[in-house]
Structures are given as structure tokens and as C-alpha cells.
1. With the cut-off at 30 Å, tell me which of the pairs 307/435; 236/383; 363/386; 12/238; 75/350; 255/389 have Cα atoms farther apart than that.
2. Could you point to the label whose value was computed as mean projected area of the Cα convex hull in nm² for the structure here, given (1) 26.6; (2) 35.9; (3) 20.2?
3. So which GluC sites (Glu not before Pro) in the stretch 1-84 pass both tests, a DSSP loop state and at most 14 other Cβ atoms within 10 Å of the Cβ?
4. Would you work out the relative contact order for the stretch 276-323, in percent, from Cα pairs under 8 angstrom that are 6 or more residues apart?
5. Given the pairs 32/182; 32/301; 15/107; 18/41, which are separated by over 30 angstrom at their Cα positions?
6. As I understand it, the value is the acute angle between the Cα axis of helix 160-172 and the longest principal axis of the Cα atoms of the chain; what does it come to in degrees, rounded to 10?
7. Of the beta bridges DSSP finds with both residues in the stretch 266-417, what % are antiparallel, to the nearest 5?
8. Among 417-428, 88-99, how do they line up from the highest to the lowest mean number of other beta-carbon atoms within 10 Å?
Amino acid sequence: MLYRKFYDELVKWYKQEKKLALLIDGARQIGKTTLIRQFAKDYYGDNFVEINFINTPSAKEIFVGDLSVDGIISKLTLFLRRPLTPHKTLIFFDEVQECLEVRTAIKFLVDDGRFDYIESGSLLGINYKEIKSYAVGYEENRTMYPMDFEEFAIANGIQQSTFGMLKDCYNRRVPVDEFVHKQMMQLFTYYVIIGGMPAAVQEFVNSKDMGRVVGIQSDILKLYRKDITKYATTGKEKITLIFDTIPAELNAKNKRFMLSDLAKSARMERYESCFNWLTDAGIALPCYNLAGPKQPVAINKQHNLFKFYMADTGLLCAMCSGDVQYQIVNGNYGINEGSIMENMFAQQLKSNGFNLYYFDKQKVGEVDFIVEQHAELVPVEIKSGKDYKSHRALNNLLAVDEYKLKESLVFCIGNIETEDKVVYLPLYMIMFFKKENMLNKIVFKDIGDIY
């Protein structure tokens, strides 16, 4: 089975003394069900039952009528035709978007405490079907993403000792051994066109047949389009149009999504819910322009100025016409105005815990990303060409004293190097740049006895 970091989240949940129901959401085909099954086998053994509401739609009747705990469990055991061992059994409800009554009933089941519960489903349905009563305080929600580069590298045989050496170079800001650097750059190139959909990654590992990989990616894209028709209650045509337009919009010079390209009369108020639909479905990633690189960034973002990335760059490549994959593998990273590599970093930054913002101002120019790290703002530029030390907009931004920017990162084809406020990092080093939770660093001082 492919290694997934999210497995550690499942283990953390398992070790909690008092568990809530664990709700795992995310885009379709990212490996949620496979991972949950493996975890259940490892930690629950034979005390594991799974109910998939697509494969067995008759199971929905369990949650019709009496929602008392004893009533539900009686119907569960009757449906499963097997006894359930209290305090040792995991019950997995899969594709819960097809039976949202489960999420109404889960609070009673959690309160009862006899069994552990995991719910999983597509964001397409979870967010867009009405639930009579949300189980507030009874569910612990986690979002899963496509495989990141580190997981892809592990699938392709990279050893932990290599990761340890690379992480040490990253931390100390010293160059990577040139042979290792070239090998990792080649592997990252493969990741750009394969992406993080587990089925595509597994096919690449098994066969190295790009035709088969693209076939899998194309099938996933077809599934997404079918899901739009199935789950979108309004604006199906608009949502589909936006989805199909993403590659062309990213290929534009400034990569910003232009509503006028959808229709001359298009206005944000009529399309905003459609963009939100694709975002909530886990299919696309919005990246908003900042009015200024100042904190708090949430109040500085401009909702009407944004880029719209695909959540998986392998799928983006499959959507592009021509020989995109061939050109990238042969070193043409700047194809499509560099939009594919920029999309890859939007995908990685998001899975690494960052919210996505960029900065574009006439007197400065455009900087690809602005992220928050260690209570500071960090400009991030993606340079896939040999002229990666040419970054006028970044220089202009760093020169503005009022922004008080201490460091910037340029991910590029070169090795690790530092010049003034700019740190140059190889493209593959994105796997080490992760959002740190500053809440864990708050220290509360004892104020003493004030009474």
C-alpha cells in the first residue's frame, strides 16, 4: 500500500481516551477509503465493519425512523448479521454524502460510547446536501489531500536516510550533493506530470507507462464532471464551464481568472457560488490577491482578484492539450507561461497547511505567493528557468521598508543558496516548508493569586 502521512492522524485519533466520530472529507479518488481500511486492519483487526451507502443503498434504511441508540444498533447488527464487540469495534460509514441522516444520528452513537466511528465521503456531497441536525461537538473533522511530493518520492523508493540528509541541508541552508540534487530534480519533474492521485501514482510505480497514467487521470476528470451534474443543485453549466476553463486562465500572462472570459456580461455575484462549489469540492484552489502584504492577511485579501488552481497538477496536465507531459519531462518547465509549476506549488503549499495569497501591485509587480510563517509574512517565488535570480517584483517588494519583510524564498532549479533576504531552494525542497502552528508556542505566565 502507498504510504500516506494522513495515517498518523488516524493513529492520533485512535489513541484519544474519549473519541469523537472522525469525519474525513476530501476530493474524490484521493485514497480515503483505502487508508481507513488499512488503519482498521492494523488497529482493530476483525472488529471492523464497513457500510458503503453507494454500494449498499439499502443500508440507508437503518437511519430511517427511530434514531435512538438501541434502535440504530439493533438495525446495524441485523443488517450486518454479526455481533459487534463493545469498546473494541470500529464502524466505518463510507460515502456519507448519500445518507446524511448518519451525521444526525452520530451524536447519539458517540454519546453511547460502545463503538468507535469513522465517517468518510466526498466534499461534493457533504457540503451541498442539507443535514437536519449537525453533530456539533460530536465530530472531529479532518481534510485529506492528494499525495504530496514526499509521499510520491517514498513510493518511488527514496529512503529515509536521503530525506534526513536533504532536511539537514534545508535547515542549515547548505547545498545538496550535486548527484542527489539532479536525481531529486528529475523525480520532482515526474511528480509534476503524475500528480498525487494514488491510482495514477501506483500505475507510474508499476509500469512507468505514461499513456496508462493519463488514462487514469482522464477517467478521474470524467468522474468529476459527472459529480458536478449529480451534486450541484444550481449553476451546473456555469460550474462545468469554470472547471473546463481553468487551464486556459492559468495559461494567460497574469494567470488571474477573468470572468469576462466566461461571458462578457459575467459578474462576480452571479458566479461566486460556482467558484465556491469547486473549492469546497476539493477540486480547485483559489489564491487571492492581497491589497497589501500586511497582517492580518484575511482582511487584506481582495475577493474579486484571484487565481484558480487545480487541486492536483497531474490532472491539470491531463486537461491540457498537446505534448505538455513530454515537454516538462524534457526540462521545459516554463511551458504554459510557467502556470503548471506554479499550480504545483499552490497544491503543495495548501497540503502543507498554508492559505494561498499572492501580491500584485503596479509599482511592485507580481509575487507568486505570500504566506504566513512564524507570525511573519514570507514572499514565495517559483522560478523554473535558468534565470531564477532575476526577480524584479520580489526585489521591489523587499525594498519597501514599511512591509518589514525579513526573508523570502525562491524555489528554483538551482541548489541551496542565500543572498541577503533571498533564500534559493531547489523545487523539491517544498516538502520541508510547512506551516507551523503558532498556537502551540503560546506560553501562559502564572499571574499569581490575585484574590
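The values are calculated or read from the model by the stated rules, or taken from the named source; none is laboratory data. Everything numeric here is computed off the predicted structure, so don't read it as measured data. With ideal geometry, Cβ positions are generated from the backbone for all residues, glycine too; neighbour counts draw on all protein chains shown. Areas reflect the complete protein model, heavy atoms only, side chains present, ligands, DNA and RNA absent. Shrake-Rupley method; radii C 1.70, N 1.55, O 1.52, S 1.80 Å.
1. Correct reply: 236/383; 12/238; 75/350.
2. Recomputing mean projected area of the Cα convex hull in nm² here picks out (1).
3. Of the GluC sites (Glu not before Pro), the ones in loops of the stretch 1-84 whose Cβ has at most 14 other Cβ atoms within 10 Å are 17.
4. 35
5. Pairs exceeding 30 Å: 32/182; 32/301.
6. 50
7. Roughly 75 percent of the beta bridges in the stretch 266-417 run antiparallel, per DSSP.
8. Top to bottom by mean Cβ count within 10 Å: 88-99, 417-428.
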